[in-house]
Amino acid sequence: MENIYLVCLIIVFIVAIVETILSSTWNKHYFSHGIEIFKKSIPVSNLDNASHKISEFVNNLDKQNGFSNYKGADLDDNVFAFQKKLITIGTFRNDLENIHGTISIDSETRAIRIKGFVGYRFLSLMIFIFIFFLLDSDFSFSRLVSALIIVSILSLLSYWFESRKYKKLTTEITNLINS
């Protein structure tokens, strides 16, 4: 039983290290793929102006009101990434609001696409919590229900915090391109 906990903890630790490496090196695949939890398309008329404004916004994301714990970078031509800072000094790091994703400009449809993904370390932690409660004592239906309820509550809280931040990001970008 203890071996299972140890294996799960090692997996959570490895996932966290790999995700940290991918996010700190601004790996395009990490920011473009995963379990999508947010998707929004904003129509735009002037693509060049929008591209310039979004690039400036994303590269100065930590200086924007409400986004001081986030940073962004250009990934490719008209593809920008954003994520929560790995280290925030002087503030509490709320991992229930651990967003990352891309902002891309689609010239064919003349739209800005914002995509957000859930972090893999959060998923691995939820699986570990589920396994911990499930295997903590003798298997019982009540243990299974308790584990499902705890994981569901934490996941819903995380989704609620993240969706608020994605909506705020969408509003800021919409205001930016319309100004």
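The values are calculated or read from the model by the stated rules, or taken from the named source; none is laboratory data. Keep in mind it's a predicted model, so treat the numbers as computed, not measured. Surface areas here come from the heavy atoms of the whole protein model, side chains and all, with no ligands, DNA or RNA. Shrake-Rupley method; radii C 1.70, N 1.55, O 1.52, S 1.80 Å.
In degrees between 0 and 90, to the nearest 10, how far off the longest principal axis of the chain does helix 2-24 point, with axes built from Cα atoms?
10
At 1.4 Å probe size, with the rest of the protein present, what percent of the exposed accessible area of segment 39-91 is carbon and sulfur atoms?
On the way: 1290 of 2910 Å².
Here it works out to 44 percent.
Quick one: helix 120-135 against the long Cα principal axis of the chain, what's the angle to the nearest 10°, folded into 0 to 90?
Computed tilt is about 20 degrees.
What are the ³J(HN,Hα) couplings of segment 114-119, residue after residue, when phi is run through the Karplus curve with 6.51, -1.76, 1.60 and θ = phi - 60°? Round to Hz, x for glycine and proline.
So the Karplus estimates, Gly and Pro as x, are 10, 10, x, 10, 7, x Hz.
As a test of understanding, state the convex hull volume per residue of the chain from its alpha carbons, in Å³.
Details: hull volume 21.9 nm³, N = 179.
Per residue, the Cα convex hull of the chain comes to 123 Å³.
For the chain, what is the accessible area per residue in Å², given a 1.4 Å probe and the full set of protein chains?
On the way: 10220 Å² over 179 residues.
Using a 1.4 Å probe on heavy atoms only, each residue of the chain averages 57 Å².
If each Cα of segment 97-175 is one equal point scatterer, what is log10 of I(q)/I(0) from the Debye formula at q = 0.13, 0.25 Å⁻¹?
With one equal scatterer per Cα and no solvent, log10 I(q)/I(0) is -0.55, -1.12.
Which far-off residues, 5 or more places away or on another chain, put their amide H under 5 Å from the one on residue 75, with H placed in the peptide plane?
HN-HN under 5 Å from residue 75: 80, 81.
Going by alpha carbons, how many degrees (0 to 90, nearest 10) lie between the helix axis of 141-178 and the longest principal axis of the chain?
Value to nearest ten degrees: 10.
Give me, ordered by chain and number, the residues 5 or more places off residue 118 or on other chains with an amide H under 5 Å from its own placed amide H.
Under 5 Å from the amide H of residue 118: 35, 37.
Just to make sure I understand: if all protein chains stay in place, what is the order of 40, 115, 167 by accessible area at 1.4 Å, largest first? The partial results should precede the final answer.
Values: 40 95, 115 65, 167 125 Å².
So the residues, ranked largest to smallest area, are 167, 40, 115.
Treating the Cα atoms of segment 1-49 as identical point scatterers in vacuum, please give the log10 of the normalised Debye intensity I(q)/I(0) at q = 0.13, 0.19 Å⁻¹, two decimals.
-0.56, -0.83
Taking every alpha carbon pair in segment 29-91, what does the distance histogram look like in 5 angstrom bins from 0, in percent?
Here the calculated profile for segment 29-91 is 4, 15, 22, 24, 22, 10, 3, 1, 0.
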